[in-house]
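The values are calculated or read from the model by the stated rules, or taken from the named source; none is laboratory data. Computed from a predicted structure; not experimentally measured. Please note: Cβ atoms are built from the backbone with ideal geometry, for glycine as well, and neighbour counts cover all protein chains shown. The area values use the complete protein model at the heavy-atom level, side chains included, leaving out ligands, DNA and RNA. Shrake-Rupley method; radii C 1.70, N 1.55, O 1.52, S 1.80 Å.
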Amino acid sequence: MFDPPFCLEFDDFVVLGCFAAPHLTGLMLKLFVRMVEAPVLGSLIMSFLKKQNKMVEMLQNTVIPEAPMFKPEFPPQDAEPSVVIVDEERKPEDRVELALKCLPHYDPASCWSGDSLPSFRYWKIRDYAYAYRSKLVTPSMVAEKIISVIEDCNYHKPPTPLLISFDAEDIRKQAAASTRRFEEGNQLSILDGIFMAIKDDIDCYPHPSKGATTWMHEVRSVEKDAVCVSRLRSCGVILVGKANMHELGMGTTGNNPNYGYRTTRNPHAVERYTGGSSSGPAAIVASGLCSAALGTDGGGSVRIPSSLCGVVGLKTTYGRTSMEGSICDAGTVEIIGPIASTVEDVILVYAAILGSSPDNRISLRPPPPCFPDLSSLENANTLGSLRLGKYTEWFNDVHSTDISDVCEDVLKLLSKSHGCETIEIVIPELHEMRTAHVVSIGSETQCSLNPDCEDGKGVKLTYDTRISMALFRSFTASDYVAAQCLRRRIMHHHMEIFKKVDVIVTPTTSMTAPKIPSSALKDGETDMQVTAYLMRFIVAGNLLGLPAITVPVGYDKQGLPIGLQLIGRPWGEATILHLASAVELLQKLPGVVVFSFTVPCTLP
C-alpha cells in the first residue's frame, strides 16, 4: 500500500502529497483556517506542509531537464479501428444523428412489455424517444412528474438537494415546445424532449452560475448559454436547471454547507456522499430523474461522482469540447463532459457537445472526432486486438479489496469473452505527477480568483476552500514552471506506455462512497485521507489531458457501486467508449436505488 497522501482539492483541483492529515470539522476546522490565513503563521504552516510533501525538494532543489509544457501537447496518433469519423463543423443535431446510426439496433420489445414494467429501471434516451413517438407519454407529462419530485426533494428526511437553480415554469415552457414538435412530426433530434441538468459552474441562461458559492453570481453575470449547453439546446434537450456541486468544486465528496445543509445525498445510500465535485449531476442521473447531465472534470469531478453513484462518466481529451461559458474556462486541465446511466447515452450527448474552441484547433490540431461503430457484431471482434495495461501494485492500492477483486473479474471477463490481452505495466513518478497537477491547477485557480478574494469575497468561501486557497497562494512562479517541466516528462512516460498498450485500466476510485459525518453538514470538513482514496487513479487524465471513462462494474459488500476506469490515448474517445460498452454488456447491472425517484416507470 502507498502511504495515504496529503490532499486538498479545488474544483477538481487537488493537493496531493505524502503524509496523512487529521480529519477536521466544526471548531477545529475553523481554528485551522484562522491559522493558515494568519500572515506569518500561515506562511510557516504552508512551508512546513510543502517540505513534508517534498514539494520544495522536487520543484526548487532539483534540476528538471525537460522544457515546460504549459498545456497538453500530443504526438500524432494512429487511427482508431472500427470507428465512424465525424466532421465537428457539422450541426450538433447532425452529429447526434450520425452517432445514433452507430448504436446497436433498438428493440422496443426488449424494454416494453405492455403494462408490466419493473419497479425501477433507467430509461435510456431511445426509450424516451420511442415513448414520445408512440404517444405513450409526452415531454410535458414527464416534466410535471420531474417538477413534482424536484420540489419535494427539500422536504425529504434528510433533505436531498439536487439543484441549486430551478424554474418550474421554464421547464414547462421547454417541454411544451418539445411536445408541439412531436405532435407536428418536427422533432429536432433523438435528444428532443430529453431532460438534462447542468452543473452550476457551466452557464445555462437564464440561470445564474454560482459555482455553488453564495456570491459568484454577484461578480459574474450570465448573458447566454455556454457553448456546450447551446449545442444541447439546438438538439431539443430540456434543461431542468443548475445542479448542485461542491463549492467551486473544492472537494472530492460533494459536501456543500452553503444555503443551509445543502449537501447532495447518494441515491444508493442517503447517509453517504455522492463524490464530487459534480455531485448534483451524478445524483440526478443515478436517481433516474434525468437521462444525462453535464459536469466539469479537472481532477476527477465527472469520474469520481459517477463511480460512487453507479453511472457512466466521460472525461474527454483536453480540448475536444469547448470550455467557453464555464467558470473554469481558463485552465489547462479541465473539460466539460457528460454523465449518463448508460454508455450509449453518453455517446449521444458527447456527439452533441463535442467541438474544439478556435484557439485549441490552432494549438492542439485535434484529429476529427470518431464514434465507435457498435451497429454490427463484426466490429465487436476488434476488441480482441486491444491490449489492456494494468499496473498491479497501483491497481491493488485500494481501501477495500472488494474494489480490486471486482475490477480484476472484469478484466478476466474481457479476456474470456473478447480475447483482450492484459499486459503488466509500470507508471513511474506518480508522486511527481500529483505534485505537478496540484501546482498547475492551484496556480491557475489562484490567478482566476485572486481579484475577487482581494475584494473581500474570500472570507465568504467555505472553510475547506479557504484552506486550499491558502496553499495555492504559497506557490511561486518557479514552482509553476517546474510543474510544467514535470508535465512534459510524465507525458513522455505515458506515451511510451501507450506504445505497448491501447488502454490503461484502473479502478476509478480506491474506495466506495464514504459516509457523511453529521458534524460536516453545517460547516463542511477536510478529510484528506478520503480525498486521497478518491483521487488515487484520477490525475493522469487531467494533467496530461488524456480521455478517460468510468463505467459501473459491480457493488461492494455494503451494496455500494464500484467503477472501472479506462484511460485512452490522446483523442481516443471512440476506443474507450467501445470498450466501456463491452464492459457494460458483460455486467448487465440492475438499477438498485434507494430514492423512490422512479419517474419513468410511474408515468401514465
Query - Total formal charge among the other residues, if their Cβ is under 14 angstrom from that of Ala109, Lys/Arg +1 and Asp/Glu -1 - result: -1
Report task. Looking at the chain, send over the antiparallel percent of its DSSP beta bridges, to the nearest 5. Result -> 75
Requested in this report: Could you sort out which of Lys199/Lys522; Lys124/Lys173; Lys199/Lys315 sit more than 18 Å apart by Cα distance in this structure?
Outcome: Lys199/Lys522; Lys124/Lys173
**Report entry** the chain, helix-only ellipticity at 222 nm - DSSP H runs n ≥ 4, -39,500 (n - 2.57), divided by all residues, nearest 500
**Finding:** -12000 deg cm²/dmol
Query raised in the report: What accessible area per residue comes out for the range 214-307, rounded to a whole number of Å², with a 1.4 Å probe?
Result: 18
Query raised in the report: Heavy-atom accessible area per residue, the range 349-483, 1.4 Å probe: how many Å²?
Result: 41
Requested in this report: For Lys557 and Lys515, compute 0.36 nm times the residue count separating them, minus their Cα-Cα distance, and round to one decimal in nm.
Outcome: 13.6 nm
Query raised in the report: Which residues in the range 525-543 have a backbone N closer than 14 Å to a point placed 7 Å from the Cα of Gln52 along the Cα-to-Cβ line?
Result: 527-529
Query - Accessible-area composition of the chain, carbon plus sulfur, in percent [1.4 Å probe] - result: 53
Query - Helix runs (DSSP H) in the chain reaching 18 Å along axis by Cα, Kyte-Doolittle at least 0.0 - result: 39-52, 139-153, 573-587
Query - Average projected area [Cα convex hull, the chain], square nanometres - result: 24.2
Report summary line: Taking 100-106, 40-46 and ranking on average Cβ neighbours within 10 Å, highest first, one gets 100-106, 40-46
